[in-house]
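The values are calculated or read from the model by the stated rules, or taken from the named source; none is laboratory data. Source: prediction; values computed, not measured. Every residue, glycine as well, gets a Cβ built from its backbone with ideal geometry; the counts of neighbours run over all protein chains shown. Each accessible area value is taken on the protein alone, full model and side chains, heavy atoms only, with ligands, DNA and RNA left out. Shrake-Rupley method; radii C 1.70, N 1.55, O 1.52, S 1.80 Å.
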Amino acid sequence: MTRPRRDPRAERAALLVATGEGTRPRLDRTVRRDGGGRLRRDPRRERDGQRVPGVLRPRYDLSQVSRPEAGPVHEAPRTVQAPVPTVVVLDAPAFLVLVVPDAAGGRLTPHDRQVLGAARVLAGREGGVAILAPGTCEGSGPAGADRLVRLDDKGGDALGDCDPGGYDPAGRAALVAEAIAELSPRHVLFPESPDGGDLARRVAVRLRQPLFSDVEAVAAGSIARPAHGRRVEQRTAPGLLVTLAADAVAEYAGPPREAREIPVRIETLARAAPAILSATTIPADPATVPLGLASFVAAAGSGVTDLATFREVVAALHATPGASRVLCDAGLMPRSSQVGASGTVLAATCYVALGISGAPQHLQGVAGCEHVVAVNTDLHAAMIERAGLAIVQDAQAVMPALLRLLTQDAGPTRDAP
Amino acid sequence: MRIAVLLSAGRHPVSGAPVLPRLEAQAIRLAVGLGEAHEVVGLHAGPDAAAVAEGLGQGLARIEHLTVAAEADPVPALAARLAALAPDLILAGRRGQGGPETGLVPYGLAEALDLPLIPDVIGLAPEAADRLSLDQSLGRGARRRVILGGPVLATVHPDAPAPLAYAYGRARRGAFEPVAVAPVEVSPGLAAEAGALPAIEERPYRRRPKLVKGAPAGGSAAERLKAATGEAGASAGGRLLVQPDPDEAAREILAYLRQVGVLAAPRPTDDPR
């Protein structure tokens, strides 16, 4: 870069100011006259020029020459507001995809949501997803249902006195078959769960339609299932009846749907007296259920020395007892109760760890548990970090308090005759 | 009581060798476990009886073999034979193993014979007055006890008692009985339905990536990683209480368990003392 050669005489002459009786040097030397020298840098303006207009962040490419004149447009910082989800309304669907969920207790299971997601894929933009809900089925709109068909068991009420357990799978299959005949959907999807798979097969033989079961891949035009011992994948265009394997298809993640209720008149069928004379549900006994099947496990580690109190607490909580490897090695708890990689890997919903620090092998056994409560003296234990409710306290002190509270809560039942 | 156990020619899930499916061996155990007084017969419809020879060693004394072509539907032949046998209880596995594996055969039979079908049975007990009590598995150790009068078809759950040990002597003593099958004329309605079936294309099985629970469908890689490692789970933002009073800790634990739903709410006290 070449600069013009300085001319000191000219510079000095430029500093002179003409007065009445001649010239004198200028007093204020900081004022720059036009045309001479280099511009003075203004680092603040330069830095502002390096910002992206509109958004208050620097440019990623800082090598760009900034234009000092174009300062940033200062905006008020954008308030991040959650977009209001607009409910998708489908007024006249070209066809219907019917979903028959398990919906145990009127609540959609994760498997049911996956079936709704698959139905949404099959329905595409024009089709509508209808859910055949037993009674109230909350949250079916956000799960992807455009229509809701109430399948109130009117027939079940009529049969109520001769079927005390409320277990009438053949009657339910007949109702679903009636609903399918009434709605004439293009596809009907069931979850491949014990109840859903049973219902799907009953409906299939009733309607004399082929069933494509255990579907693992769903696309708009084709579905695939494993067969012949998972050696072969069968792929076909979706037919009328389909059951969907668990954890194969993602849930619906789009904007919520309408779940508009549509009335369907299903005449109560005159059915023969069912062959089932009585059906009683026997809940699992938490004390004897295998650890891998239990839904609520309370386990003791080396922080628990009073195992008699621990067993009382477990019985009062109606939990299944578990233990860490240390207690099982010491022979204080049976080997069948060991939780962890070398013991049992749990499938429980809730796990209470009393005096367990949480070795990696133990945490592997607990990996599938949704809710974990930990009581441990060590603040930095891995189990405390894993837990949803972590209490840094001696388990030996907490157990009697738990027992006292539980007996207090259960008190009136003991007084009752 | 006469009990029929339906046997299928299965394939081992790992080796692919011909094997009697475990569920059917468990069904044999359930039937034989009822005692000597009951007559138990195995029933197989297929091209070759040797496929179910293992059933003889698992406790069956007699297997009836209906010769049916490999690709043909076994339901009409089985239904005709079962109607002639008129057993009080028919036991079957939930589905075949190594074949199409749709699990429709027991349901088709129940429809053809007009019998009630009870799925997922793990226990049997005869009751008074020719009634039968069946224990049904509901998963996680819960059961449903169903009492029926009259003949019934039941499928067996994997939680049923383990099969009997294979005994070579028993397998030698057992006998196959070939049963002639009348050729079943296919009704025109069924043939029309078969023609309407969409074409099924077969290709080698491809294992698909595991679906991560709770992963956002269109999220960024960081969000998906967070979901996979469980950091975004329910226990991610956990509560931590450092050195609380033991009573307060116990109250917190019980409140948490009740909120999760594994512990019943306390019984309301009617009389304040």
Per residue, the convex hull volume that the Cα atoms of the stretch A:287-417 enclose (Å³): 103 Å³
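For the protein assembly as shown, what is the calculated [θ] at 222 nm in deg cm²/dmol (nearest 500), taking -39500 (n - 2.57) for each run of four or more DSSP H residues and dividing by its residue count?
Numbers: 20 runs with 182 residues, N = 690.
Helix contribution divided over all residues of the protein assembly as shown: -7500 deg cm²/dmol.
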Degrees separating the helix A:169-183 axis from the principal Cα axis of chain A, which is the longest one: 50 degrees
Of all accessible heavy-atom area on the stretch A:296-410, the percent that carbon and sulfur account for (1.4 Å): 55 percent
Projected area averaged over orientations for the stretch B:67-142, convex hull of C-alpha atoms, nm²: 6.6 nm²
Amide proton proximity set for A:V215, modelled H, under 5 Å, gap of 5+: A:T243, A:L244, A:A245
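Note down the relative contact order for the stretch A:296-410 as a percent, whole number, built from C-alpha pairs under 8 angstrom at least six residues apart. Could the numbers behind the result be given before it?
Numbers: 234 pairs, mean separation 29.3, N = 115.
With pairs under 8 Å counted, the relative contact order is 25 percent.
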Contact order relative to length of the stretch B:19-144, as percent, for alpha carbon pairs under 8 angstrom and 6 or more apart: 20 percent
Other protein chain Cβ atoms within 10 Å, averaged over every residue that makes up A:314-325: 1
In order through the stretch A:252-261: 3J(HN,Hα) via Karplus (6.51 cos²θ - 1.76 cosθ + 1.60), integer Hz, x for Gly, Pro: 6, 10, x, x, x, 9, 7, 6, 6, 7
Whole-number accessible area per residue in Å² for the protein assembly as shown, which is evaluated in the context of all protein chains at 1.4 Å: 54 Å²
B:R206-A:H380 pseudo-label distance in nm [points 7 Å out on the Cα-to-Cβ vector]: 4.9 nm
Amide H contacts of A:S278 (H built 1.01 Å from N, under 5 Å, at least 5 apart or other chain): B:I147
C-alpha center-to-center spacing [the stretch A:90-137, the stretch B:1-16] in angstrom: 36 Å
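Shielding by partners for A:293-302, please: the mean number of other protein chain Cβ atoms within 10 Å of each residue's Cβ.
Details: counts 5, 2, 5, 5, 1, 1, 0, 0, 0, 0.
Whole-number average of other-chain Cβ neighbours for A:293-302 is 2.
Pairs of alpha-carbon atoms within less than 8 angstrom and 6+ residues apart define the contacts here; what relative contact order does the stretch A:96-261 have, in percent?
Values: 342 pairs, mean separation 51.1, N = 166.
Worked out over the stretch A:96-261, it gives 31 percent.
With 19 Å as the cut-off, how large is the P(r) tail for the stretch A:96-261, expressed as percent of Cα-Cα pairs? Numbers along the way, then the final one.
Values: 7097 of 13695 pairs.
That fraction is 52 percent.
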In order through the stretch A:279-291: 3J(HN,Hα) via Karplus (6.51 cos²θ - 1.76 cosθ + 1.60), integer Hz, x for Gly, Pro: 9, 10, 8, 9, x, 5, 7, x, 6, 10, 5, x, 4
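I'd like the mean, over residues of A:245-254, of how many other protein chain beta carbons sit within 10 Å of each residue's own Cβ. Can you show the working numbers first?
Values: counts 0, 1, 4, 3, 2, 6, 5, 1, 5, 2.
Per-residue shielding by partner chains comes out at 3.
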Size of charge dipole - the stretch A:296-410 - debye, nearest 20, with Cβ of Lys, Arg +1 and Asp, Glu -1, no other charges: 200 debye
Spin-label zone in the stretch A:298-332 - amide nitrogen under 16 Å from a point set 7 Å from the Cα of A:A287 along the C-beta vector: A:298, A:308-322
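Counting only protein heavy atoms and rolling a 1.4 Å probe, how much accessible area do B and A lose on contact, total for both sides, in Å² to 100? Before the final figure, lay out each step's value.
On the way: alone 18150 and 25680 Å², together 36920 Å².
Interface between B and A: roughly 6900 Å².
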For the stretch A:349-366, residues shielded by at least 10 square angstrom of accessible area compared with the chain on its own, probe 1.4 Å: A:T349, A:C350, A:V352
Projected label distance in nm at B:A112 and A:S342, using a 7 Å step from Cα toward the beta-carbon: 5.4 nm
Hz values of 3J(HN,Hα) by residue in the stretch B:74-88 - Karplus curve (6.51, -1.76, 1.60), Gly and Pro given as x: x, 4, x, 5, 5, 5, 5, 5, 5, 5, 6, 6, 6, x, 7
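Take peptides A:259-266, A:14-21, A:349-356 and line them up by average Cβ neighbours within 10 Å, highest first, as a rough protection proxy.
Working: A:259-266: 13.5, A:14-21: 9.2, A:349-356: 27.4.
Listed from highest to lowest mean packing, they are A:349-356, A:259-266, A:14-21.
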Three-way shape call for the protein assembly as shown based on the alpha-carbon gyration tensor, with the a/c threshold at 1.5: prolate
Listed residue (A:P4, A:T86, A:V373) projecting farthest to the positive dipole end of the protein assembly as shown, Cβ model: A:P4
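Using a Förster distance of 56 angstrom, determine the FRET efficiency expected from the C-beta separation of A:L27 and B:L225, and round it to 0.05. Before the final figure, lay out the partial values.
Values: r = 68 Å, r/R0 = 1.22.
Taking R0 as 56 Å, the efficiency between A:L27 and B:L225 is 0.25.
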DSSP bridge pairs, the protein assembly as shown: antiparallel proportion in percent, nearest 5: 35 percent
Degrees between helix A:307-317 axis and first principal axis of chain A (Cα, 0 to 90, nearest 10): 90 degrees
Only Lys, Arg (+1) and Asp, Glu (-1) charged, at Cβ; the stretch B:2-182 dipole about Cα centre in debye: 520 debye
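May I ask what percent, to the nearest 5, of DSSP beta bridges between residues of the stretch A:96-261 are antiparallel?
Values: 7 of 28 bridges.
Restricted to the stretch A:96-261, the bridges split so that about 25 percent are antiparallel.
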A:Q50 versus A:R260: modelled label distance in nm, points set 7 Å from Cα along the beta carbon direction: 5.7 nm
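Please state the shape class of the stretch B:2-182: rounded when a/c is under 1.5, otherwise prolate if a/b exceeds b/c and oblate if not, all from the C-alpha gyration tensor. Spell out each step's value before the answer.
Working: a/c = 1.33, a/b = 1.24, b/c = 1.07.
Note, shape of the stretch B:2-182 comes out rounded.
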Extreme residue, positive dipole direction of the stretch A:255-329, given options A:L293, A:G322, A:V304 (C-beta unit charges): A:L293
Debye, to nearest 20: dipole size of chain A, +1 on Lys, Arg Cβ, -1 on Asp, Glu Cβ: 3500 debye
